[in-house]
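Here the structure comes first, spelled out in structure tokens, and everything after it is commentary.
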Amino acid sequence: MELTCDTKYSFRLLQQMGGLLRRQWRLEQCLGKVRALASLSIDQTESETRLQSYMGIASYREDLLAAFWEGEPTALPRSTKLQCRCPFCGLDFVGKKDLSAHLSLAHRGERPVLLIAGREPESDATIRQSIGPDDVTVENCTLVRISRSGVPLRGNSPDTLRALLCDETNTVLEVDLMNRFETSADPISQFYRLSVRVPGKLELDAVDRDFVRLLASNNVHLSDIDYFLSRPSTQGVVREYADALGAYVRGVLVKDGRGGSTLPFSEGGILYGKALEILQSFRRPLPIVICSLVRLASNDFTLAREKTGFDRLDYCYAILAPTLGHSLPNLTENQTRLRRTIDKTVPLCPIDETLDTILTLAALNIEQQQSLAQYLRATEHPRLTGQDRAKIYVLLALAALQLNAAFEAREALRLLRNVYPFEAWATRELNTLEG
Ligand SMILES: [Zn+2]
């Protein structure tokens, strides 16, 4: 059948009428339901007028809703897979998993990072050692902002930062490294506040000389430390270093309860810790020896194999470290060196009394001149820390084992069975002894 223009118009009119009738029928249906639900006796004309201006109502399955109110999450219908859109390139993905995979492959941004001598500094760090250009690495960085002592610098690059870290000796650098890995994304940034305190060798030498002259004696007083810290050599960029040396000597006086010290005994260890924190950055004889003494005081044998140049201390480590699985240096060579050099020493720093006793006892072990009475007397010292007592018992047990004094060895080992870090060794030796 061919449709003329008029018939087309009539056909459309009929379609529209049909649509209207269908809508009218649906309206009647709804109206019936609403009336039944609300039991309202509203006349049809009025209700029709009202219905046209009413909002729709989403009906929800009563059992599911009840279950939801009861707190059953499973009552909620499961969502179908999410349509995800990449925020950077606009690509669409079905499901978050696919989008995550795409993001990590196509738009991955790494945190920018600064490495100094292979290590990332803390975000607020102090640099105490001089740095060479090869020691500074900057990775994942597209933009650098630097302020020196609060003044922003212009035209910065990783090379600017490298040059500053190598050249500056006494300043504060605030460094903002940024990685704009994606033009439409905020850059990832990493901030470092670097206090650069790198004294020169001559400045440090002057401090060490004053320290040895004023404080390397066995009769130091707190006022000597004050005097040392008032010396011109201890001012300026070396101040932190000098303060740390002072803290060590204060620790010695507190631990021994002498030299005008009134602080509680336990403060000694805290002062030792403060000294170690700063002094461990300096590769010089005085701080190396002090740090090694402080580590020995706290039974930290992690750097036991590093020679300090202070023979008695090195021998003490050589005796004690093997009990913790560190290999033993050649003691025969040590013995001869000990005899040869023992009278040719110069004072370097004070040592607290119990630590000094421990060094002496260790030397006795090495020279095989031990008498058990000396070790036993040392265990009765009134100002022993738990760590020092443990070391003395280890030396006692070692001496007793050498002398085949099984009873004394067993007694000492039993006391060490639960004492860190010697417990495993003590248990092993005890088992061998009791076979
Ligand atoms: Zn993308």
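Scalar couplings 3J(HN,Hα) for segment 261-275, obtained by applying the Karplus form with A = 6.51, B = -1.76, C = 1.60 to θ = phi - 60°, are 6, 10, 6, x, 3, 5, 5, x, x, 5, 5, 4, x, 5, 5 Hz; x denotes Gly and Pro. Per the Debye calculation on segment 113-197 with a single equal scatterer at every Cα and no solvent contribution, log₁₀ I(q)/I(0) for q = 0.12, 0.20, 0.26 Å⁻¹ amounts to -0.32, -0.87, -1.47. With a simple spin-label model that places each label point 7 Å from the Cα along the Cα-to-Cβ direction, the separation between Lys307 and Ser266 comes to 4.0 nm. Bridgeable aspartates and glutamates around Lys255 (alpha carbons under 14 Å apart, same-chain partners fewer than 8 residues away excluded): Glu267, Asp352, Glu353, Asp356, Asp388. Using only side-chain charges placed at the Cβ, +1 for Lys and Arg and -1 for Asp and Glu, the dipole size of segment 182-260 relative to its Cα centre rounds to 320 debye.
Put in line by how crowded their Cβ is, counting other Cβ atoms within 10 Å and starting with the fewest, Cys291, Cys349, Cys166 read Cys166, Cys349, Cys291.
Each residue, Thr379 and Asn219, gets one label point 7 Å from its Cα in the Cβ direction; the gap between the two is 3.5 nm.
Couplings 3J(HN,Hα) for segment 103-120, derived from phi with the Karplus relation 6.51 cos²θ - 1.76 cosθ + 1.60 (θ = phi - 60°), are 4, 6, 7, 9, 10, 6, x, 8, 5, x, 9, 10, 10, 10, 6, x, 10, 7 Hz, where x marks Gly and Pro.
In terms of surrounding Cβ atoms within a 10 Å radius of their Cβ, Val252, Val289, Val172, Val94 rank from fewest to most as Val94, Val172, Val289, Val252. In a simple Cβ point-charge model (Lys, Arg +1; Asp, Glu -1; nothing else charged), segment 113-197 has a dipole of about 260 debye relative to its Cα centre. Listed peptides 260-268, 383-391 appear in the order 383-391, 260-268 once ranked by packing, highest mean of other Cβ atoms within 10 Å at the front. Distances between placed amide hydrogens fall under 5 Å for Thr142 paired with Met178, Asn179, Arg180, all partners being 5 or more residues away or on another chain. With the highest mean first, a sort of the peptides 105-118, 397-410 on other beta-carbon atoms found within 10 angstrom per residue produces 397-410, 105-118. Normalised by residue number, the volume inside the convex hull of the Cα atoms of segment 201-369 is 117 Å³ per residue. Phe422 sits among other residues whose Cβ lies under 14 Å from its own Cβ, and their net charge, with Lys and Arg +1 and Asp and Glu -1, is +1.
Read-outs: derived from the displayed coordinates by stated rules, not from any lab. Note that the structure is a prediction, hence the values are computed from the model and not measured. Backbone-built Cβ (ideal geometry, glycine too); neighbour counts: all protein chains shown.
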